[in-house]
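Right, one structure below, let's go through it.
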Amino acid sequence: MGKEEKPLSQDRLKQAIAAINAEQLIGATSDHVVVVSTADSEKVKLQPLVVEAYTNMREAALRAGFELQIASGFRDFQRQQAIWTKKLAASNESERALEKILHWSALPGTSRHHWGTEFDFFDAHGFSSQEGTEKKLQLVANEYEPGGPCYKLYQWLQDHAGQFGFYWPYKGRGNGVAAEPWHLSYAPLASHYQALWQQPESVIYLGEFLRAQNLLGLPLVASRLQNIIQRYSLQVETPPVEATK
Ligand SMILES: [Zn+2]
């Protein structure tokens, strides 16, 4: 490739936005995602535009001495349903149990990981340089706090992620979802998925899909679906202006 500019990314962004649909919103398809070749697992998938933004950010992080890696990217409905079923089956399926589960895990169909715009990151270099320990990533807060293996990368990203279009939707303020310092969202696309949750048809579509998939705890969920969407999907952080350019 020469030094010419790539086809205008604004046009490709417009195309990706135009292709957004309800199936992608709820994780019922994987047509919109591709394998991320720089991830250590073939299972990691994201939308092509997000892969590109991620790759640019990863290269910049490498130059700064970090090895940005993805622990989890796209997840489909079935994958989220497996997580859900395991957690709910281990509970007493009460309203309180539901709240507790939703604090950490999304209701299948409402995970931002369905969109192909989100990933959970870690610093592979930070992990390997922690001597004497065979530490495994757990995605817990102290890994991203001072002294933790991902802390310095997390700090670096706070200064730079916005330039690449990424931001943190879950800062643990107000809405009931735990703070997730490891979860990054590609704002130029994600904001359009999120906006779909403001349309009643999206909620109806999800309700029908949950019924068709025989979701465990359906009666518990169906009566408060609108409320769950409002609280856990819509009340998230607003992307900084920098990330939306
Ligand atoms: Zn995540």
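A compact table of results
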{"quantity": "Cross-chain or 6+ apart pairs with Cβ under 6 Å, region 231-245 first and among the β-branched types (V, I, T), then open to solvent by less than 30 Å² (accessible area, probe 1.4 Å) and not in a loop (DSSP other than H, G, I, E, B)", "calculated": "T244/A187"}
{"quantity": "Residue match in region 150-169 (condition: away from the ligand (no atom under 16 Å from the Cβ), open to solvent by less than 80 Å² (accessible area, probe 1.4 Å) and not in a helix (DSSP H, G or I))", "calculated": "yes"}
{"quantity": "Of all residues in region 170-183 being closer than 17 Å to S233 by Cβ and in contact with a strand residue (DSSP E or B) (Cβ under 7 Å, 6 or more places away or on another chain), the one that is nearest to the ligand (Cβ to nearest atom)", "calculated": "H183"}
{"quantity": "Residues of region 81-121 satisfying the condition of being charged (D, E, K, R), part of a helix (DSSP H, G or I) and either within 16 Å of the ligand (Cβ to nearest atom) or within 21 Å of Y54 (Cβ to Cβ) (or both)", "calculated": "K87, R112"}
{"quantity": "Search result, residues across region 62-93 that are touching a helix residue (DSSP H, G or I) at 6+ places or on another chain (Cβ under 8 Å) and more than 17 Å from F121 (Cβ to Cβ)", "calculated": "D76, F77, Q80, W84, K87, L88, S91, E93"}
{"quantity": "Residue check, G126 more than 13 Å from the ligand (Cβ to nearest atom), without any contact (Cβ under 8 Å) to a residue 12 or more places away in the chain and more than 30 Å from D11 (Cα to Cα)", "calculated": "no"}
{"quantity": "Residue in region 64-80 that is nearest to the ligand (Cβ to nearest atom), counting only those that are part of a helix (DSSP H, G or I) and surrounded by 20 or more Cβ atoms within 10 Å (Cβ to Cβ)", "calculated": "Q80"}
{"quantity": "Checklist (1) in a helix (DSSP H, G or I); (2) surrounded by fewer than 20 Cβ atoms within 10 Å (Cβ to Cβ); (3) out of contact with any Lys or Arg (no Cβ under 9 Å at 6 or more places or on another chain) applied to V50, failing item", "calculated": "(2)"}
{"quantity": "Flag for N142 being more than 16 Å from the ligand (Cβ to nearest atom) and closer than 30 Å to A212 by Cβ", "calculated": "no"}
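The values are calculated or read from the model by the stated rules, or taken from the named source; none is laboratory data. Small disclaimer: the values here were computed from a predicted structure and weren't measured. Because the Cβ atoms are built from the backbone with ideal geometry, glycine has one as well, and the counts that use them run over all protein chains shown. For the accessible areas, the whole protein counts, side chains as well, though only heavy atoms, and no ligand, DNA or RNA atoms are used. Shrake-Rupley method; radii C 1.70, N 1.55, O 1.52, S 1.80 Å.
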